[in-house]
Amino acid sequence: MTTAEVRQSFLAALNAVGSMDELERIRVEYVGKKGYVTELLKGMKDLSVEEKKTFGQEVNVLKNEVNEMISAKREEIHQKELEEENNKMPEFDISIPANLKRGSYHPITLVQRQCEEVFKSMGFAVEDYSEIVTDYECFEALNIPKDHPARDMQDTYYLDNGQLLKTHTSAAQNAIYKKYKDALINEGKPIKAIFPGRCFRNEATDACHENTFFQMEGVMVDKNISISNLIFFMKTMLSEVFQKDIKVRLRPGFFPFVEPGFELDISCLICGGEGCPSCKHSGWLELCPCGMIHPEVLKAGGIDPDEYIGFAFGLGLTRLAMMKYGVKDIRDLNSGDLKCLDQFTDDK
Ligand code: FA5
């Protein structure tokens, strides 16, 4: 082939190229070691010196042209590929319903809602309260003055501004009395309220203690309230939550805001009362301290203790969830471990 023929055939081949692979193939075919252009040079050996010079220049010009055209074509194909990529339709179909696993309520939320339903059905209002409270709300209004040794029972997280993270839901008692006292005094409506909430204590954690846990406080104030009322409400709540009779025991307990005060324990449902780490090997789990509201606490809430009396309880909601769902270690509940929490998924 002459240089003109090689040029012509190369242009035709280049015109037909549509991909990088094809381009590479014709590059090798024309300017590769055994390509047409290279082969032209091999035929030079039979030419005169003068002819060699002219022909050599011709072939070199052709070789440069071929290389330049290949480079230009490469850039052209590259740009085309980029454009195609950018214009591509997304490969997913947005009309297909998502196949994601649905989330679920946390076991503590489930138990809390169940308790709320039970107490609502018995005429209790459900109240919410802040997690950051004042020293007065958490302690002083509850008959725990500054420097009282009872403060040591709850290792408290204090904030720089003097407020603190609520150590118990009892911190809302004062506000609840103030909210409902007028209806009690003027209209004779008993105060009946529960107030679940998150509590914080700087405690060493173990199978039944967390530094962040939930309680559910309940109070009832009226005339002629007795401990029997308290026991009735607690037993009703437990039998509704567990759907069976639960063994409970009441023993004396000290809390400055109740008098008399009790500890209501339930027989550990993890070990059936035999003793295990979840119940500190005692067979019993401290679940719900309670008692008759101290006169000083009623007074701080604007209620005359000579005329009114009431009970209060502080149910350990997190522990109740442990017992209800057979969670052996309280720390699993705050772990964020989906393998653990998934078990309670309510997909129905
Ligand atoms: C109190 O917090 C009192 N405010 C309860 C109370 C209210 C007594 C009204 C009388 C009248 P105590 O510190 O024992 O009490 O906690 C109450 C319940 O919360 C415990 O029985 C337990 O079930 C739960 N609880 C306490 N500390 C923790 C903790 N670190 N981890 C998990 N649950 C806890």
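The values are calculated or read from the model by the stated rules, or taken from the named source; none is laboratory data. Just so you know, these numbers come straight off a predicted model, no measurement behind them. Neighbour counts run over all protein chains shown; Cβ positions are idealised from the backbone, glycine included. When the accessible area is computed, the model is the full protein with side chains, heavy atoms only, and any ligands, DNA or RNA have been set aside. Shrake-Rupley method; radii C 1.70, N 1.55, O 1.52, S 1.80 Å.
Tabulated data
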| read-out | value |
| --- | --- |
| Verdict on Leu230 being assigned to a strand (DSSP E or B) and more than 32 Å from the chain's Cα centre (by Cα) | no |
| Any hit, the range 304-316, residues being touching a helix residue (DSSP H, G or I) at 6+ places or on another chain (Cβ under 9 Å), open to solvent by less than 40 Å² (accessible area, probe 1.4 Å) and more than 12 Å from the ligand (Cβ to nearest atom) | yes |
| The lone exception for Pro260 - which of (1) within 17 Å of Gln215 (Cα to Cα); (2) within 12 Å of the ligand (Cβ to nearest atom) it fails | (1) |
| Residues of the range 1-54 satisfying the condition of being basic (Lys, Arg) and over 16 Å from Ile77 (Cα atoms) | Arg7, Lys33, Lys34, Lys42, Lys45, Lys52, Lys53 |
| Subset tally (residues that are open to solvent by less than 50 Å² (accessible area, probe 1.4 Å) and among the charged types (D, E, K, R)) for the range 193-221 | 3 |
| Residue that is farthest from the ligand (Cβ to nearest atom), among those in the range 177-192 that are in contact (Cβ under 8 Å) with a residue 12 or more places away in the chain and open to solvent by less than 40 Å² (accessible area, probe 1.4 Å) | Leu184 |
| Enumeration of residues in the range 233-245 that are more than 14 Å from the ligand (Cβ to nearest atom), free of Cβ contacts under 8 Å to residues at least 40 places away in the same chain and either open to solvent by less than 50 Å² (accessible area, probe 1.4 Å) or not in a helix (DSSP H, G or I) (or both) | Ser239, Gln243, Lys244, Asp245 |
| Single unsatisfied condition, Met20 versus (1) surrounded by 14 or more Cβ atoms within 10 Å (Cβ to Cβ); (2) under 30 Å from Glu81 (Cβ atoms); (3) among the aliphatic types (A, V, I, L, M) | (1) |
| Flag if Ser104 is of a type outside the set (A, V, I, L, M), in contact with a helix residue (DSSP H, G or I) (Cβ under 7 Å, 6 or more places away or on another chain) and outside any helix (DSSP H, G or I) | yes |
| Residue list for the range 107-149, restricted to those being assigned to a helix (DSSP H, G or I) and open to solvent by 80 Å² or more (accessible area, probe 1.4 Å) | Arg113, Glu117, Lys120, Ser121, Tyr136, Pro149 |
| The range 317-343, subset in contact (Cβ under 8 Å) with a residue 40 or more places away in the chain and away from the ligand (no atom under 16 Å from the Cβ), residue nearest to Asp222 (Cα to Cα) | Gly326 |
| Residue, modelled with the highest pLDDT, within the range 227-275, restricted to residues that are aromatic (Phe, Trp, Tyr) and more than 30 Å from Tyr136 (Cβ to Cβ) | Phe232 |
